[in-house]
Amino acid sequence: MRAFAAIIALCVTLPAAAQYPEKPVTMLAGYPPGGLLDIVTRLVAEGMKPRFPKGMNVVNRPGAAGAVAVAEMARSNPDGYTIITTPHSALVIAPQQQDLSYRTPDDYEPVINLVAYYPMIAVRTESEYKSIQELIADAKANPGKIRVGSPGENTSSHLNLEELMHHAGVKMIHIPFQGWAQSSPALLGGHIEALVAQPGELRGQVEGKRMRVLVNFRPQRMSTFADVPTAKELGWDVANGVWYMLLAPKGTPAPVIRYLHDAAKAAIDDPKFTADMANRGIDVDYRPGNTLRTDLWREYKVHTEILRRIGILKK
């Protein structure tokens, strides 16, 4: 009886999958227009359009650090016409802190990982801190003195900071902002001593001699910031990156998933896309759906322990 039901389900889904895409596709983005996620989403969507003659429309659904958009995607029909580009923080952090229509990596279909980047800690050029060791030493000598900004509470940037404080044995004050547009003026104005930001945001400020980067949370040094040490090489095991990936609702037919994967893979393989990402300090980081699900489960469990340690895991 179970086999018969599976055959019936297959007969229902195959015709729809074979005709895909027969109408416009909505690609959700969980952050406002103009931000990095929005930029990457629109570039990927543009690269996918040749395979979507009916249209590929980007729709911004900001809120709850990306969780509002992921929840909308998770509730959508599993037909491939509502998909999302999202940072993995909305998948491994947000559902462990609030009740959402998704909880684990088994509650949606990972299609493909697109890009990745790793945050850095920077100070303004006038700062007394010439190295991360000097900043950490002052933080140890004066607990609670140093204020460090981030793009928001419970973002990957915030958790990198929490992990650094844990491994270095120091206490600094985390100041959450609503993104780079708020945190960078706060640093330049002397309202905070340091900030956590992504390489593309910092590059212009560093080249303009307005900021200095002290440490990189990437596993290896970046060629564009070759003189900046990684936390790992300094003895702190901290390297939480930010991944942007494409997801579809759970139950989306396999042929549709393959179609979406192949279209997105072609988009990120375009040399123009790779060059644009490199200019922004971002790595093209291709991983197919099955590999991505395994990686997400690993990150989910890692973040369970981090969130528990800093006291913000939902019971």
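General observations
- Residue in region 30-40 that is of a type outside the set (Val, Ile, Thr), at pLDDT 95 or above, out of contact with any helix residue (DSSP H, G or I) (no Cβ under 9 Å at 6 or more places or on another chain) and part of a helix (DSSP H, G or I) present: no
- Exactly one residue out of Leu114, Leu159 is of a type in the set (A, V, I, L, M, F, W, C), part of a strand (DSSP E or B) and under 14 Å from the mean Cα position of the chain (by Cα), and it is Leu114.
- Failed item in (1) touching a residue at least 40 places away in the same chain (Cβ under 8 Å); (2) buried (at least 23 other Cβ atoms within 10 Å of the Cβ), with His158 passing the rest: (1)
- Across region 133-155, the number of residues qualifying as touching a residue at least 40 places away in the same chain (Cβ under 8 Å), open to solvent by 10 Å² or more (accessible area, probe 1.4 Å) and in a helix (DSSP H, G or I) comes to 1.
- Filtered residue count, region 233-265, keeping only those that are closer than 25 Å to Val40 by Cα, at pLDDT below 95 and not β-branched (Val, Ile, Thr): 4
- The lone exception for Lys209 - which of (1) touching a strand residue (DSSP E or B) at 6+ places or on another chain (Cβ under 8 Å); (2) among the basic types (Lys, Arg); (3) at positive phi it fails: (1)
- From the options Arg218, Arg258, Arg293, residue that is out of contact with any helix residue (DSSP H, G or I) (no Cβ under 7 Å at 6 or more places or on another chain), part of a loop (DSSP other than H, G, I, E, B) and on the phi < 0 side of the Ramachandran plot: Arg218
The values are calculated or read from the model by the stated rules, or taken from the named source; none is laboratory data. These numbers were taken from a predicted model, which means no experiment stands behind them. So basically every Cβ, Gly included, is an ideal-geometry build from the backbone, and we count neighbours across all protein chains shown. Accessible surface areas use protein heavy atoms only, side chains included; no ligands, DNA or RNA. Shrake-Rupley method; radii C 1.70, N 1.55, O 1.52, S 1.80 Å.
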